[in-house]
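**Student:** Please see the structure below; I have some questions.
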Amino acid sequence: MSTTPALPRPAASQTFLWPLLARALMLVVGVGSVALVWWSLNRLPPLARQVRDKDLTRANLAAEVQQFEMNWNAEAAQILESRYQAAHERLFDGPEESQRWRTAFAGMGNALAFDTELQLAINPSAAPEHKLHQLVVTPATLRLQPAAEGKGLTNSPYERLLTLAASLAQTKRRVDLVELSVQSDSNSVAQARAELRLWSREKVNP
Amino acid sequence: MEKLSLSISCLNGEWTALGLRKGAPTGSWQKPEPVEDFAGLSTLLEESFQQTQPDGRNIGIVIAHPKLTNHVIDVPPVKGAKLSRYIERRLQQFKTFDGDATWSHQRAMSAKGVDNALVHLFPKTIFEQIDSACREAGGRLVRLLPTTAVLANQLKELPLEKDEVALLAAETGPSTTIVIGRRDGRVCLSRILRGGWSANADRVAVDISRTIGFAEQQSGLTVNSVWLFGPNVQARLAEMQTLLRLTVKPSPVEHTPLYWCVQGAQLAAREDANLVSVAAQEAPQRWRRLTVTSAALLLFLLGALGVAAYAERQCRSDRRIIASLDGEIARWQRTKSEWQARHAEAARKKELVRIVSEEEPLSVPAWFLGYLGEATPPDLLLTQLEIQRTNQAWAIRLAGTAQPTTNDSPQTVFREALTTLGTNLAKGPFHLTLVRNGLDEEKPASPRAPAKAPAPTPTLTFNMEGVIQ
């Protein structure tokens with residue numbers, strides 16, 4: 001009985017290498033799969049939480065806006081706007097207009113036979129409580145003294161002072177008479193002094 | 001051990017095949033002419049499959065081959081892998097052929113207090129040739145058993161005493177397989193002799209005698225009986241007994257042409273001395289395990305990828321939602337800011353209206369000045385008027401004097417006029433609250449004036465202070 005030639009013997013290292021590699025590969029695949037699942041599932045909660053938070057924020061904002069809308073009364077706003085315009089109209093449009101008014105009022109005092117002296121404070125600044133509204137209240141001092149002989153007018157200085165005070169009250173712009181001091185003698189008013197407050201809009205430099 | 005489908009005995013060229021289905025024979029076939037070599041082994045196996053029609057492709061072979069040798073060696077008292085490594089190291093000492101060897105072992109009788117092992121050696125090239133032929137024939141070699149291993153198992157069926165040592169010889173084709181051992185199946189020597197007693201009884205008897213002598217010398221035991229197993233035992237029994245000069249008995253085990261095939265399929269795996277390595281035997285199971293594990297891992301990997309894909313899709317969806325929500329939030333914030341600005345502007349305007357229009361003081365000084373002309377009695381002369389705004393009220397200060405009068409009692413007139421003025425101011429439209437209503441009366445300058453002279457008129461003045469709320 002004869003035999004065929006010997007077949008090449010597989011290397012011993014290969015015998016152990018391939019199972020080892022196969023096991024390593026399986027381990028890698030298994031661990032990799034577990035890691036993949038873990039990583040995948042762990043990505044979801046933060047995003048879901050973010051979605052919830054954003055949705056809550058959006059809902060809160062929507063509710064706030066709705067509350068704003070509900071609180072808004074268009075009719076009242078229109079009335080307020082007209083009142084605001086009216087209030088605005090009561091203010092001097094800056095120091096130039098105040099000066100013009102001063103001149104005009106002094107002229108009126110002179111016309112009513114008073115030696116009229118009206119001094120406006122220089123560079124008045126807005127009070128802190130009025131800063132927001134850009135309001136400037138300018139103090140002014142008015143000194144009146146009846147002219148000699150009444151410049152031909154027949155009515156008494158008292159009556160003329162009343163006329164002047166009434167015209168002050170009827171001024172288109174707001175002028176507050178905060179103090180009035182009158183001295184008189186047996187004839188009538190001898191002199192008068194008034195402290196005024198002129199309300200104007202602050203000129204904002206561009 | 002996997003069940004055999006085709007059990008073959010190849011006894012030095014005698015080829016017998018037994019097909020099996022679930023352990024039961026399906027057919028048998030004996031090659032008429034002897035197998036000269038293993039060159040056409042795959043064809044022979046295919047024919048065996050065809051002739052016996054087994055159920056399956058697992059092949060087991062009981063082999064008696066000139067290159068298959070048996071050696072009893074002393075071994076240390078170790079087991080398992082350590083014993084295998086020990087035998088592996090010693091192989092080179094008794095290997096009788098070139099090249100690598102395939103080997104197996106089984107426990108042998110202890111001799112002189114030393115453990116022994118029966119080692120079967122077979123050239124690896126021939127083993128691989130057989131294995132390759134099995135694969136080519138579409139089968140798988142799962143058992144390759146030496147006849148000595150099968151025969152050693154038959155020792156258990158001999159009617160031997162407890163420590164009796166016997167020689168069992170079996171005619172295996174043109175050779176004789178002999179084992180010397182006890183009834184527990186452990187042997188102290190095994191050999192395959194050329195020739196059989198059917199053809200050459202003298203020579204076989206001589207070889208058996210020498211073997212017995214060698215065994216007794218090596219082990220220090222005495223072989224008490226010789227048992228013969230084979231097809232022509234009864235015919236040669238007397239002759240063999242004469243030649244051996246020992247008690248020769250026929251084996252009680254019935255000999256059939258398929259005995260070796262049946263034993264090859266039925267021999268317990270624990271002591272079968274299978275030349276097919278455990279690794280090779282378990283290769284299919286390992287492959288199946290590998291396949292199942294790989295499939296499971298693949299499924300797991302696919303599942304993981306599925307989960308990852310789902311998570312990715314969910315993440316993208318969430319990111320889209322977040323982006324959309326961010327847009328909405330920005331829009332709502334703009335709207336809110338607009339509304340806040342609108343409300344703030346309205347509040348500012350309202351405040352301006354309050355400051356400019358609602359808090360504008362009334363022209364009280366002018367009105368009061370006018371009212372004084374009406375409220376002042378003619379007996380009084382006002383010399384001074386001061387009106388000053390203090391917080392939410394107006395502080396009034398009046399000063400005056402009495403008008404010159406011809407009345408005899410100017411003080412009375414003055415008082416009445418002053419009272420009238422006070423009443424008018426308090427009850428008039430301004431509701432002046434008087435806080436001081438002073439009457440000043442200046443006395444004449446000289447108290448020593450003549451008594452008859454007319455009394456000088458005192459200077460009557462007043463000061464009045466009040467508040468208009």
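**Student:** Let me confirm something: among B:Asp202, B:Asp272, B:Asp184, B:Asp207, which residue is over 28 Å from B:Ser132 (Cβ atoms), within 60 Å of the chain's Cα centre (by Cα) and acidic (Asp, Glu)?
**Tutor:** Details: B:Asp202 fails: within 60 Å of the chain's Cα centre (by Cα); B:Asp272 fails: over 28 Å from B:Ser132 (Cβ atoms); B:Asp207 fails: within 60 Å of the chain's Cα centre (by Cα).
Answer to the check: B:Asp184.
**Student:** Here is a further query. Just a yes or no: is a residue in region A:174-187 basic (Lys, Arg), under 29 Å from B:Leu398 (Cβ atoms) and open to solvent by less than 30 Å² (accessible area, probe 1.4 Å)? Break it down stepwise before answering.
**Tutor:** Keep residues of region A:174-187 that are basic (Lys, Arg), which gives A:174.
Checking which are under 29 Å from B:Leu398 (Cβ atoms) leaves us with A:174.
Next, from what is left, pick out any that are open to solvent by less than 30 Å² (accessible area, probe 1.4 Å): A:174.
Taking every residue of region A:174-187 in turn, at least one turns out to be basic (Lys, Arg), under 29 Å from B:Leu398 (Cβ atoms) and open to solvent by less than 30 Å² (accessible area, probe 1.4 Å).
**Student:** Keeping to region B:58-79, report how many residues are part of a loop (DSSP other than H, G, I, E, B) and of a type outside the set (A, V, I, L, M).
**Tutor:** The first filter runs over region B:58-79 and keeps only residues part of a loop (DSSP other than H, G, I, E, B), leaving B:65-68, B:75-79.
Now restrict to residues that are of a type outside the set (A, V, I, L, M): B:65-67, B:76-77, B:79.
Qualifying residue count for the region: 6.
**Student:** Here's a follow-up. Within region B:247-265, is even one residue of a type in the set (Lys, Arg), touching a Phe, Trp or Tyr at 6+ places or on another chain (Cβ under 7 Å) and buried (at least 18 other Cβ atoms within 10 Å of the Cβ)? Spell out the reasoning first.
**Tutor:** Applying the first criterion (of a type in the set (Lys, Arg)) to region B:247-265 yields B:249.
Subset that is touching a Phe, Trp or Tyr at 6+ places or on another chain (Cβ under 7 Å): B:249.
Checking the rest, the ones that are also buried (at least 18 other Cβ atoms within 10 Å of the Cβ) come to none.
So far as region B:247-265 goes, no, none of its residues is of a type in the set (Lys, Arg), touching a Phe, Trp or Tyr at 6+ places or on another chain (Cβ under 7 Å) and buried (at least 18 other Cβ atoms within 10 Å of the Cβ).
**Student:** If you don't mind, there's one more thing I want to ask. Among the residues of region B:368-375, is any more than 7 Å from every other protein chain (Cβ to nearest Cβ) and over 30 Å from A:Glu159 (Cα atoms)? Let's see the steps before the verdict.
**Tutor:** Keep residues of region B:368-375 that are more than 7 Å from every other protein chain (Cβ to nearest Cβ), which gives B:368, B:371-372, B:374-375.
Filter once more, so that each one left must be over 30 Å from A:Glu159 (Cα atoms): none.
The answer is no, given that none of the residues of region B:368-375 is more than 7 Å from every other protein chain (Cβ to nearest Cβ) and over 30 Å from A:Glu159 (Cα atoms).
**Student:** Which pairs turn up if I take residues in region B:285-299 that are facing chain A (nearest Cβ under 8 Å) and look for partners that are of a type outside the set (A, V, I, L, M) with beta carbon separation below 7 Å, at least 6 apart in sequence or on another chain?
**Tutor:** Listed by first residue and then by second, the contacts come to B:Leu297/A:Gly30.
**Student:** To continue, here is another question. Looking only at region B:10-33, which residues are closer than 23 Å to B:Leu68 by Cβ, open to solvent by less than 20 Å² (accessible area, probe 1.4 Å) and assigned to a strand (DSSP E or B)?
**Tutor:** B:Cys10, B:Leu11, B:Trp15, B:Thr16, B:Ala17, B:Leu18, listed by residue number.
**Student:** Moving to a separate point now. So is B:Leu380 aliphatic (A, V, I, L, M), modelled with pLDDT under 90 and more than 23 Å from A:Val178 (Cα to Cα) or not?
**Tutor:** On the way: aliphatic (A, V, I, L, M): yes; modelled with pLDDT under 90: yes; more than 23 Å from A:Val178 (Cα to Cα): yes.
Considered against the rule, which asks whether it is aliphatic (A, V, I, L, M), modelled with pLDDT under 90 and more than 23 Å from A:Val178 (Cα to Cα), B:Leu380 comes out as yes.
**Student:** While we're on this one: Could you give every pair whose Cβ atoms fall below 9 Å, whose first residue belongs to region B:352-364 and is basic (Lys, Arg), and whose second residue is surrounded by 15 or more Cβ atoms within 10 Å (Cβ to Cβ), counting only separations of at least 6 or pairs across chains?
**Tutor:** Every condition considered, the pairs that remain are B:Arg354/A:Ala87.
**Student:** May I ask you to list the residues in region B:329-378 that are in contact with a Leu (Cβ under 7 Å, 6 or more places away or on another chain) and not hydrophobic (A, V, I, L, M, F, W, C)?
**Tutor:** Listed by number, the residues that qualify are B:Gln333, B:Lys336, B:Arg348, B:Lys349, B:Lys350, B:Ser363, B:Pro365, B:Gly370, B:Thr376, B:Pro377.
**Student:** While we're on this one: Name the one entry in B:Gly400, B:Gly422 that is more than 14 Å from chain A (Cβ to nearest Cβ) and surrounded by 12 or more Cβ atoms within 10 Å (Cβ to Cβ). So that I can check it myself, show each step before the final result.
**Tutor:** Working: B:Gly400 fails: more than 14 Å from chain A (Cβ to nearest Cβ).
None of the others qualify; the one that does is B:Gly422.
**Student:** Going through region B:20-33 one residue at a time, which ones are touching a residue at least 24 places away in the same chain (Cβ under 8 Å) and in contact with an Asp or Glu (Cβ under 9 Å, 6 or more places away or on another chain)?
**Tutor:** Across region B:20-33, the qualifying residues are B:Leu20, B:Arg21, B:Lys22, B:Thr26, B:Gln30.
**Student:** Same structure, new question: May I ask you to list the residues in region A:136-155 that are small (Gly, Ala, Ser) and either surrounded by 18 or more Cβ atoms within 10 Å (Cβ to Cβ) or modelled with pLDDT of 80 or more (or both)? Don't jump to the end; show me each part of the working.
**Tutor:** Of the residues in region A:136-155, the ones small (Gly, Ala, Ser) are A:140, A:147-148, A:150, A:152.
Within region A:136-155, A:Ala140, A:Ala147 qualify.
**Student:** Taking the criterion of being assigned to a helix (DSSP H, G or I) and either modelled with pLDDT under 90 or within 60 Å of the chain's Cα centre (by Cα) (or both), would at least one residue in region B:386-399 satisfy it?
**Tutor:** Step one: list which residues in region B:386-399 are assigned to a helix (DSSP H, G or I), which gives none.
Looking for residues that are assigned to a helix (DSSP H, G or I) and either modelled with pLDDT under 90 or within 60 Å of the chain's Cα centre (by Cα) (or both), one finds none in region B:386-399, hence no.
One line per residue, one yes/no per condition, for (1) at pLDDT 90 or above; (2) within 19 Å of B:Ser219 (Cβ to Cβ); (3) open to solvent by 40 Å² or more (accessible area, probe 1.4 Å):
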{"site": "B:Glu88", "(1), (2), (3)": "no, no, yes"}
{"site": "B:Phe94", "(1), (2), (3)": "no, yes, no"}
{"site": "B:Asp98", "(1), (2), (3)": "no, no, yes"}
{"site": "B:Phe122", "(1), (2), (3)": "yes, no, no"}
{"site": "B:Ser132", "(1), (2), (3)": "yes, no, no"}
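**Student:** For region B:125-167, how many residues meet the condition of being outside any helix (DSSP H, G or I), small (Gly, Ala, Ser) and more than 45 Å from the chain's Cα centre (by Cα)? Can you show your working first?
**Tutor:** If we filter region B:125-167 for residues that are outside any helix (DSSP H, G or I), which is where we start, we get B:137-146, B:158-167.
Then keep just the ones that are small (Gly, Ala, Ser); that gives B:137-139, B:166.
If we keep only those that are more than 45 Å from the chain's Cα centre (by Cα) as well, we get B:166.
Qualifying residue count for the region: 1.
**Student:** Could you tell me whether any residue of region B:101-108 is surrounded by fewer than 20 Cβ atoms within 10 Å (Cβ to Cβ) and without any contact (Cβ under 8 Å) to a residue 60 or more places away in the chain?
**Tutor:** no
**Student:** Does region B:163-222 hold any residues that are without any contact (Cβ under 8 Å) to a residue 12 or more places away in the chain and either among the acidic types (Asp, Glu) or on the phi > 0 side of the Ramachandran plot (or both), and which are they?
**Tutor:** B:Glu216
**Student:** Which of the following residues is in a helix (DSSP H, G or I) and among the β-branched types (Val, Ile, Thr): A:Thr171, A:Thr163, A:Thr141?
**Tutor:** Numbers: A:Thr171 fails: in a helix (DSSP H, G or I); A:Thr141 fails: in a helix (DSSP H, G or I).
Exactly one of A:Thr171, A:Thr163, A:Thr141 is in a helix (DSSP H, G or I) and among the β-branched types (Val, Ile, Thr), namely A:Thr163.
**Student:** Still on this model: Within region A:110-135, how many residues turn out to be away from chain B (no Cβ under 12 Å) and open to solvent by less than 20 Å² (accessible area, probe 1.4 Å)?
**Tutor:** Adding up the residues that qualify gives 3.
**Student:** Between B:Glu47, B:Glu2, which is touching a residue at least 60 places away in the same chain (Cβ under 8 Å), surrounded by fewer than 18 Cβ atoms within 10 Å (Cβ to Cβ) and touching a strand residue (DSSP E or B) at 6+ places or on another chain (Cβ under 9 Å)?
**Tutor:** Values: B:Glu47 fails: touching a residue at least 60 places away in the same chain (Cβ under 8 Å).
Answer to the selection: B:Glu2.
**Student:** Here's something else I'd like to know. Any residue at all in region B:327-338 that's among the basic types (Lys, Arg) and facing chain A (nearest Cβ under 7 Å)? I'd like the intermediate steps shown before the answer.
**Tutor:** Pass one, region B:327-338, residues among the basic types (Lys, Arg): B:331, B:334, B:336.
Subset that is facing chain A (nearest Cβ under 7 Å): B:336.
Yes, some residue in region B:327-338 is among the basic types (Lys, Arg) and facing chain A (nearest Cβ under 7 Å).
**Student:** If you go through region A:62-94 one residue at a time, how many are surrounded by 16 or more Cβ atoms within 10 Å (Cβ to Cβ), assigned to a helix (DSSP H, G or I) and more than 10 Å from every other protein chain (Cβ to nearest Cβ)?
**Tutor:** 0
The values are calculated or read from the model by the stated rules, or taken from the named source; none is laboratory data. On a predicted model such as this, the values are computed, not experimentally measured, just so you know. Note that we place each Cβ from the backbone using ideal geometry, even for glycine, and neighbour counts take in every protein chain shown. These area figures cover heavy atoms from the full protein model, side chains too; ligands, DNA and RNA do not enter into them. Shrake-Rupley method; radii C 1.70, N 1.55, O 1.52, S 1.80 Å.
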